Amino acid sequence: MKIFFEYLGLLHIEDIKNKSYIDVESGCTAAELMTVLKIRKEHQKFISIFINDVEKSRQTVIKENDRVKLFLPTGGG
Amino acid sequence: MKKITYDQLTARNSIQLKGKLEKATVGIAGCGGLGSNVAIALARIGVGKLILVDFDVVESTNLNRQQYFIDDIGKRKVDALEEKLKMINPFLQIEKHYEKLSGANVKIIFKEVQIIVEAFDKVSEKAMLVKAFAGNLFKEKYLVTASGLAGYSAANTIKTKKLSTNIFVCGDNKTDFIAEGVMAPRVMIAAGHQANKVVEIIDKIL
């Protein structure tokens, strides 16, 4: 199924264009998406997940045409 | 000490905000580079109450970006910042918490605020506060976080973006303090974005 994918922060995701439609398996959770995208474990623990403009848990099942946004803050303040 | 009235303090504010700012309570999570600058901006325009949270003391290395002076070194940041804020706005109510914010105490400390400003410098603490907004705990509150304000690259790369219906992020989302250092100009720009977003939210909800 297709979802709209966006990320903010110093994430290195190979072969995925930021702010684009990507294909993921039906029934995929937010946690599984991060694994499929090969996001490093040390980054995953600090990432917040937003689906259709609402912050969601890692167990949330992603649906077709969802707008999924991953946010990894960078340090400094 | 010379005296002024609240109306004098706020005389040059946008007229649309009249009667709104003094009703606002804003939480400042961290009183370092971002938090001290945001707090001063909000005090200047007449925000009603600030809840300041920080577990640190002022150090000499803070002075390149934080709103403290040499004589503040060694003071608790919440105490030193309170002194500055009261010198600007004597009408401001201030609640201070000299402690570390965590997932366990954040909902208690910020129970009464309408808006929280995330002003930490560590990634783990920033992430903790953003994650606290997942679920229903803070569904009636707003969070204005910051990410990417290090170094001295183009100022115009610092933007305010919407993460969700009640969470906004200010910064370039790229630069990191370990690699690039943190200095007053970009920290103050990001803090200005945060303070301005707070004002927009106050105008919308109050």
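The values are calculated or read from the model by the stated rules, or taken from the named source; none is laboratory data. Fair warning: this is a prediction, and the values are worked out from it, not measured in the lab. Don't worry about glycine lacking a Cβ; one is built from the backbone with ideal geometry, like all the others, and counts go over all protein chains shown.
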Exercise. Which of the strands (runs of 3 or more DSSP E) contained wholly in the stretch A:33-77 include at least 3 residues that are in contact with a strand residue (DSSP E or B) (Cβ under 6 Å, 6 or more places away or on another chain)?
Worked result: A:48-51, A:67-71
For this session: Identify the residue in the stretch B:170-186 that is outside any loop (DSSP other than H, G, I, E, B), more than 7 Å from chain A (Cβ to nearest Cβ) and not acidic (Asp, Glu) and, among all such residues, is surrounded by the most Cβ atoms within 10 Å (Cβ to Cβ).
Result: B:Gly171
Problem set entry | When residues of the stretch B:5-60 are limited to those that are touching a residue at least 60 places away in the same chain (Cβ under 8 Å) and surrounded by fewer than 16 Cβ atoms within 10 Å (Cβ to Cβ), the one farthest from B:Lys96 (Cα to Cα) | B:Gln16
Seminar exercise, completed: Here the residues within the stretch B:146-159 that are in contact with a Gly (Cβ under 9 Å, 6 or more places away or on another chain) and more than 11 Å from A:Thr74 (Cα to Cα) are B:Gly151, B:Tyr152, B:Thr157, B:Ile158, B:Lys159
Exercise. How many of the residues making up the stretch B:66-116 are touching a Ser or Thr at 6+ places or on another chain (Cβ under 9 Å), among the small types (Gly, Ala, Ser) and either part of a strand (DSSP E or B) or more than 13 Å from B:Leu52 (Cβ to Cβ) (or both)?
Worked result: 0
Problem set entry | Which listed residue, of B:Ala150, B:Ala80, is more than 14 Å from chain A (Cβ to nearest Cβ) and not acidic (Asp, Glu) | B:Ala80
Problem set entry | Matching option when the condition is part of a loop (DSSP other than H, G, I, E, B), at pLDDT 95 or above and crowded, with 20+ Cβ neighbours inside 10 Å, among B:Leu143, B:Leu149 | B:Leu149
